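Notes to accompany the following structure.
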Amino acid sequence: MPFRSRLSDGHPDECLTSDIFVGREQNSTSQVGARTYDSIADCIKILPHLFHTTAVHFLRNVQVNKMKRPYTGGKAARRLSRDAAPAPTLRPKRSGDELGRQTMSTLGRRSVLRGSAGLAAAGAFASPYIANAQARTVSVLWVQGFVKEEDEAFKNLVAAYEKTSGNRIEFSLIPFGPAMQKIVAGLTSGDTPDIMFHDIADQAVVPQNTWNDKLVDVTDVVETQKVHFHPTALLASSYYNNVTKRRGYTYVPIKCAVLPFHVWNSMVEKAGFKLADAPGTWDAFWDFFKPMQKKLRETQRNVYVHGLQPTTNGPADGNNTFHHFLIANGGNDIVTPDGQGHLDDPKVREAVIKSLGYITTSYKEGYVPPGALSWSDADDNNAFHAKQIVMDLDGTISTEVAMFHDKEKYNDAITLKLPNDNAGQPMRAELGAAGAFIAKSAKNVAAAKDFLKYVIQPDNVNLYLKTGLGRWLPPMPHLVQQDPFWLKEDPHRTAYATEAMIDPTVPNYPCFNPGYAEVNAQQIWGIAVADIVKDGMTVQAAADKALKRIGTILAKYPVARS
């Protein structure tokens, strides 16, 4: 039976509503498992054996026709979502048993120059890293893009590899939500494709599966381009294995993203302000927009200035928003690279209190849409496109890319990199790394690694991401520095790429300790906000409750110091 499911079309910050079919053995489905599940609820039942509660909470956030949508942006916004990510279509199977393809840290100058060797002008994919003596078929599960250009870019990449290597790539392009479901089902059953790729695998899949020794070490893949990779992308690719008691590369970073600000310039000017006058520190920057609300409401009802996301729905935006406040207030050491939590550190507790205080005060004073408490990762995008909010902090430049072919709106939106933190120091953005991994149940590990080595060659990954309109960034700073596409040809990409590849960054906390993936999945920070604004708990009490719960979770994942 079909069910209605909140699906993201390539990244957790954009979702659409789509009919999908699960629960039948279909020749057209991805080679992830011999059986699928009659509903997401069925899949949830088996998840604790694999992911503890992390994937459980993730899939619960892919809700079955029960997601509250306080604002959808009207027919135009819904039409935009459908157009941005068309429903999956299938190509016929080939002969025999072949699976049918489905289209379903601050860097110095020396670091950049060192990584620049060998960069050629993008325009054609490079030859394979390794030529196989005997052609092989590699099965690949890949997340569908937000816009059709992203999917075309991947197909071009595959075609170029096949032409020059003689190997065959049998791929499935699957929307965000179903892709995670298939990954979970495959890892549970032990029947997986050779390569799996997901936009938030670094937070939702790889940490626990590395911990449980279920993933192949891909150090030999990463090493081929290690000199080129951004240091933070490398940190985000190394995870702790509780069986071997050491860290290693089980993840190949292919693209990166940060959270920039998205602002309607026309709304700012209509309120009598200029963005050039915005202060340069975190809280002051948010405060700058507050006086605009009264002026804008003279002609527009129900307009709000802050696109804050104090939500418990997830899967990503609420956590990302809170973490940036935490970093701005000096609490980035809540979990350190050695995997240790520092929940009793007075500096961390104070940062949590300040962060919860600002977010909840803005909400209670009416600067945030009331429905934001139950927003999904799509709803801030819809509210922004409908001009219900003046500004938003959100991952990637999907907000702008969605308007790429409407130049009036595209040019009216302004992308801004982060201001300084509240101490006046350069703000460190969380750099997310979307990448690929190989399960130990994969049948063609050598050929899978060969394809991944090809994908991460600088010219190849650059062309792939450029063809996708630059919604994701290459994980290699020298590409951004040398190719004018990223820093000179478009103001949205300039701000976005500068924040990610030039300004200071930090990785997401789950790469340090897999327990933090569970923290994110349980939406602990969103619950803390709800405790304050709905249940009347004090900020201090909510902070202590959240920190205590995080401590309990991290205690289940003792990472050996090294």
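The values are calculated or read from the model by the stated rules, or taken from the named source; none is laboratory data. Keep in mind that this is a model prediction, so the values were computed, not measured. Glycine also receives a Cβ, built like all others from the backbone with ideal geometry; neighbour counts cover every protein chain displayed. Protein only, heavy atoms only, side chains kept; ligands, DNA and RNA dropped before computing areas. Shrake-Rupley method; radii C 1.70, N 1.55, O 1.52, S 1.80 Å.
Just one of (1) surrounded by fewer than 19 Cβ atoms within 10 Å (Cβ to Cβ); (2) touching a strand residue (DSSP E or B) at 6+ places or on another chain (Cβ under 9 Å); (3) not small (Gly, Ala, Ser) fails for ASN381. It is (1). If only residues of the stretch 157-186 that are of a type in the set (A, V, I, L, M), farther than 13 Å from PHE197 by Cα and in a helix (DSSP H, G or I) are counted, the one that is most open to solvent (accessible area, probe 1.4 Å) is ALA159.
Residues that are at positive phi, modelled with pLDDT of 95 or more, in the same structural domain as VAL143 (by the TED database) and of a type outside the set (Ser, Thr, Tyr) occur at least once in the stretch 202-222. Of the residues making up the stretch 443-457, those that are open to solvent by 10 Å² or more (accessible area, probe 1.4 Å) and touching a helix residue (DSSP H, G or I) at 6+ places or on another chain (Cβ under 6 Å) are LYS449, LYS453.
Looking across the stretch 215-236, the residues that are in contact with a strand residue (DSSP E or B) (Cβ under 6 Å, 6 or more places away or on another chain) and either over 21 Å from GLU499 (Cα atoms) or among the basic types (Lys, Arg) (or both) come down to LEU215, ASP217, VAL218, THR219, VAL221, VAL222.
For the stretch 391-438, the set of residues classified as on the phi > 0 side of the Ramachandran plot and either surrounded by 24 or more Cβ atoms within 10 Å (Cβ to Cβ) or modelled with pLDDT under 95 (or both) consists of THR396 only. Counting only residues that are among the hydroxyl-bearing types (Ser, Thr, Tyr) and either in a loop (DSSP other than H, G, I, E, B) or surrounded by fewer than 20 Cβ atoms within 10 Å (Cβ to Cβ) (or both), the stretch 202-237 holds 3 of them. Of the strands (runs of 3 or more DSSP E) contained entirely in the stretch 238-356, those carrying at least 2 residues that are surrounded by fewer than 23 Cβ atoms within 10 Å (Cβ to Cβ) and among the polar types (S, T, N, Q) fall at 238-241.
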